[in-house]
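Just so you know, all these numbers are worked out from the coordinates, no wet-lab data involved. Being a predicted model, the structure only gives us computed values, none of them experimental. Cβ placement follows ideal geometry from the backbone for every residue including glycine, while neighbour counts extend to all protein chains displayed.
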Amino acid sequence: MILEGRVWKFGDNIDTDAIIPARHLNTSDPAQLARHCMEDADPAFITRMKPGDIIVGGENFGCGSSREHAPIAIKAAGVSCVVAKSFARIFYRNAFNMGLPIFESRDLADAIAEGARISLDSAQGSITVEGLDRKFSISPIPPFMEQLIADGGLMKHIAGK
Amino acid sequence: MGYTITEKILMAHTDLKEIAPGRLINARVDIALGNDITAPIAIREFRAAGGKKVFDRDRVALVLDHFTPNKDIDSAQQCKTVREFAFEHGVTHFYEGGQVGVEHALLPEKGIVLPGDLVIGADSHTCTYGALGAFATGVGSTDLAAAMLTGELWFKVPPSIKFVIYGKLQKWVSGKDLILHIIGRIGVDGALYSAMEFTGETIRRLPMADRLSMANMAIEAGAKNGIFPPDEITGEYVKPRAKRPYTFYTSDPDAVYAQTIEIDASQLELQVAFPHLPSNVRGISQAGGVKIDQSLIGSCTNGRIEDLRVAAGILKGRKAAPHVRLIVVPATPLIYRQALREGLLEIFMDAGAVISPPSCGACLGGHLGILAEGEKSVATTNRNFVGRMGHPKSEVYLAGPAVAAASAVLGRIASPEEL
């Protein structure tokens, strides 16, 4: 998988209340959730982002509530993937289960500015940044998780068994 | 090499002969839980996968506790989706209306979750049941769909962090203060992907209500689960409630821990987590003076009868400050009724409190107690993220029921010793 896009930077401990505030959880409709994506972290994000853009976070991205509405909102907004230093565990499994590509990179976030254009090659396990003569590595994904992605998420994985 | 209690419970739910942290396993699930926010997505996924029947109607719990009593048409639709699914599948543990309580108070109270169980819930505070010596962890809606369909789910075996807590707790200091202190010490990702195992002489004496409060907030340190070795206190709690067999697991003496953290709790004072992270913790002596607009006593962390008794003991014969909205949320109908019988509700009403029906609404800024711009609330809940209880520019201060009650009276964050 090769994903290219413009970066939106967020800090450490971006919680699921910031990604999709609970006041919008009276629906699970992806299009409605997408309209409020990242609302309490950056209210301008959803009006300014373009499909294919990439969210880059710090430590513990997606902490807090188990709401799958968070990765659903991000995916439905058109974000191609999330790269963070580390992910909170429920967000991590939710993303794989429902098919939002996410990647761990320890050093990308600190080396780039918002608006940078990056290209991520999941097979090579690397990220390149436009105008930067340096490659960033992404943590390898366990084979089981790769299978989940290849199958199109957990429910399709189960159905295939 | 020995195993931790977490490893033993996980292994007992597989056909594996050995297990180790980091290994991905498929394990059988004893109870799968969803609520009115998370279950609708799970039901959609369940149906999309061609699901015709839940794996075991006695092992699915559906609790309409978040945006209920229905707060608007969309919320009502979500509840309707879950209700129809529950009836269609004959789900035994379906709760709404006058039967509903805050799920993580309700399930232990009814003996639905038991020691040795493997419990998954599409709600992050599912880790609460670790207080009973169960492996319980929050998952997403797709996970819930898979578990409802197959009775199994994938897990990564977590490494365990052992907390050895000793010393006699000071007056007013509770399990809530202990867990806030721990989160303050290790941080909101201090136990990321790990099991938090709570041991030591303080823990052996700690009542079940306090254990439930502590296990509840393991997720606020990033943990996969929090767990207490079951003992006599566990037995006393579980025995009158259980309707099926259960197992006490304990860690082997030579079990392997990623880390051991010792805590002297004897000098611990009341704790308050300042905005906007549960790890932003201060002792009450460093926390005073913040003027508040609301005090919320309730939630899956601190809405039990023991919490209400502490609050009522402080509020008896006193009134909430005129500028403070005091909201008390008994977590289940049984707790509500018990508080009524003991005269606690009258004490709260005399103090000027609103008594809310059991609901999660206020804690997550969804329903029944939302903050306006610039407002501050002390709350016995578990999260104080930006916008958690309402406007993105409102603030939440987490504390136990003693601080919440005293703060309501004084109109600022305060210790009951100041009254």
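For chain B, the longest stretch holding no GluC sites (Glu not before Pro) located in a DSSP loop with at most 10 other Cβ atoms within 10 Å is which?
In short, B:19-372.
Counted over the stretch B:213-291 with a bin width of 5 Å, the fraction of Cα pairs per bin, in whole percents, is 3, 9, 13, 19, 17, 14, 12, 8, 4, 1, 0. Express as a percent, rounded to the nearest 5, the fraction of DSSP beta bridges in chain A (both residues included) that run antiparallel. So the antiparallel bridges amount to about 50 percent of the total.
A simple spin-label model places the labels of A:ASP110 and B:GLU417 4.1 nm from each other, with each point 7 Å out along Cα-to-Cβ.
Considering only Cα atoms, the convex hull volume of the stretch B:262-419 works out to 105 Å³ per residue.
In chain B, one over the average inverse separation of all distinct C-alpha pairs is 21.3 Å, which is the Kirkwood hydrodynamic radius.
Relative contact order for chain B: what is it in percent, counting Cα pairs under 8 Å that are at least 6 residues apart? Spell out each step's value before the answer.
Working: 1059 pairs, mean separation 73.0, N = 419.
Normalised by residue count, the contact order of chain B is 17 percent.
Residues whose amide H comes within less than 5 Å of that of B:ARG412, counting only those at least five positions distant or on another chain, are B:ILE292 (H built at 1.01 Å from N in the peptide plane). With 31 Å as the limit on Cα-Cα distance, the pairs of A:LYS75/B:LYS224; A:LYS50/B:LYS376; B:LYS71/B:LYS319 that go past it are A:LYS50/B:LYS376.
Looking at the protein assembly as shown, the DSSP beta bridges with both ends there are about 30 percent antiparallel. So if R0 is 51 Å, what FRET efficiency would A:ALA150 and B:LYS316 give, r being the distance between their Cβ atoms, rounded to the nearest 0.05? With R0 = 51 Å, the Cβ-Cβ based efficiency is 0.25. Take the Cα of B:GLU373, step 7 Å toward its Cβ, do the same at A:GLU4, and the gap between the two points is 4.2 nm.
Counting only DSSP beta bridges whose two residues both lie in the stretch B:271-418, roughly 25 percent are antiparallel.
In the stretch A:8-161, the alpha-carbon atoms span a convex hull of 104 Å³ per residue. Using R0 = 41 Å, the C-beta based FRET efficiency linking B:GLU84 and B:LYS239 works out to 0.70. The slack in the chain from B:ASN26 to B:ASP72, taken as 0.36 nm per residue of separation less the alpha-carbon distance, amounts to 12.7 nm.
Applying both filters, DSSP loop and at most 16 other Cβ atoms within 10 Å, to the chymotrypsin sites (Phe, Trp or Tyr not before Pro) of the stretch A:68-155 eliminates every site. Taking a label point 7 Å from the Cα of A:SER119 along the Cα→Cβ vector, which residues of the stretch A:85-111 have an amide N closer than 13 Å to it? So the set is empty, nothing qualifies.
What number, rounded to the nearest 500 deg cm²/dmol, is the helix-based mean residue ellipticity at 222 nm of chain B, given -39500 (n - 2.57) per DSSP H run of at least four residues and division by all its residues?
Values: 14 runs with 125 residues, N = 419.
Rounded to the nearest 500, it is -8500 deg cm²/dmol.
Can you tell me the convex hull volume per residue for the protein assembly as shown, based on C-alpha atoms, in Å³ to the nearest whole number? Before the final figure, lay out the partial values.
Numbers: hull volume 81.7 nm³, N = 580.
Looking at the protein assembly as shown, the number lands at 141 Å³ per residue.
Under 23 Å of direct C-alpha separation, and excluding same-chain neighbours fewer than eight residues apart, B:LYS110 reaches these lysines: B:LYS176, B:LYS239, B:LYS243.
Can you work out D for the stretch B:249-321 in µm² s⁻¹ from Stokes-Einstein, where Rh is the Kirkwood radius over C-alpha pairs, the temperature is 25 °C and the viscosity is 0.890 mPa s? Please list the in-between numbers first.
Values: Rh = 16.3 Å.
Approximately 151 µm²/s, per Stokes-Einstein.
Of all lysines in the structure, those lying under 24 Å Cα to Cα from B:LYS52, and not within fewer than 8 positions of it along the same chain, are A:LYS156, A:LYS161, B:LYS80.
Amide H to amide H distances under 5 Å link B:CYS360 with B:HIS66, B:THR68, where only residues 5 or more positions off or on other chains count and H is placed in the peptide plane.
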